[in-house]
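Visitor: Right, I'll just put the structure down here and ask away after.
The values are calculated or read from the model by the stated rules, or taken from the named source; none is laboratory data. Worth saying up front: this structure is predicted, and the values here are computed from it rather than measured. Every residue, glycine among them, receives a Cβ derived from its backbone with ideal geometry; neighbour counts consider all protein chains shown.
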Amino acid sequence: MGRGIRYYPDYVIHAETERGNERGAFICEAKFRISSEKQRKEAFDQARSYALRLECRGLLLASCEGIWLSFAQDDFDFEKMEFFDWQELKAPDVLHAVKLQLEAVLRKKRSR
């Protein structure tokens, strides 16, 4: 996977690792900084590529700035990504809402 060389996402949740039939429910891609729109688009495109290849239901980008979430149900649309900064995530209600969102996506059966 990746740009001609074997690259892998940083984390895969519920990974199925059978060679040639790799899948996952959700991927997490970590970057130190995503401080510009260009960096966010590049990181998103990389994570989206992994998520599509692995037939994931969602992806998460994480950086010093916070986290971004995107879901297959939204066609991994860059414009529909949700952002939460680390300060926001300290609020129990916000963290709980994100947790519920992730749990709902992970509970869904893969359509295949």
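Visitor: Taking the stretch 49-64 only, how many residues are in contact with a helix residue (DSSP H, G or I) (Cβ under 8 Å, 6 or more places away or on another chain) and of a type in the set (D, E, K, R)?
Guide: Final tally of qualifying residues: 1.
Visitor: In addition: Identify, by number, the condition in (1) surrounded by 14 or more Cβ atoms within 10 Å (Cβ to Cβ); (2) assigned to a strand (DSSP E or B) that Ser49 doesn't meet.
Guide: (2)
Visitor: In the stretch 15-26, how many are under 22 Å from Ala43 (Cβ atoms) and assigned to a loop (DSSP other than H, G, I, E, B)?
Guide: Counting residues in the stretch 15-26 that are under 22 Å from Ala43 (Cβ atoms) and assigned to a loop (DSSP other than H, G, I, E, B) gives 4.
Visitor: If the requirement is being among the aliphatic types (A, V, I, L, M) and surrounded by 15 or more Cβ atoms within 10 Å (Cβ to Cβ), which of these qualifies: Val105, Val94?
Guide: Values: Val94 fails: surrounded by 15 or more Cβ atoms within 10 Å (Cβ to Cβ).
Of Val105, Val94, the one residue that is among the aliphatic types (A, V, I, L, M) and surrounded by 15 or more Cβ atoms within 10 Å (Cβ to Cβ) is Val105.
Visitor: Of the residues that make up the stretch 14-22, is at least one of a type outside the set (D, E, K, R), at pLDDT 95 or above, on the phi < 0 side of the Ramachandran plot and surrounded by 14 or more Cβ atoms within 10 Å (Cβ to Cβ)? Please lay out each step first, then the result.
Guide: Of all residues in the stretch 14-22, those of a type outside the set (D, E, K, R) come to 14-15, 17, 20-21.
Cutting the leftovers down to at pLDDT 95 or above gives us none.
Scanning the stretch 14-22 turns up no residue that is of a type outside the set (D, E, K, R), at pLDDT 95 or above, on the phi < 0 side of the Ramachandran plot and surrounded by 14 or more Cβ atoms within 10 Å (Cβ to Cβ).
Visitor: Sort out for me the strands (runs of 3 or more DSSP E) sitting completely within the stretch 55-112 that have 3 or more residues that are of a type in the set (Gly, Ala, Ser).
Guide: On the way: elements: 58-63, 66-71, 82-85.
Here the list reads 58-63.
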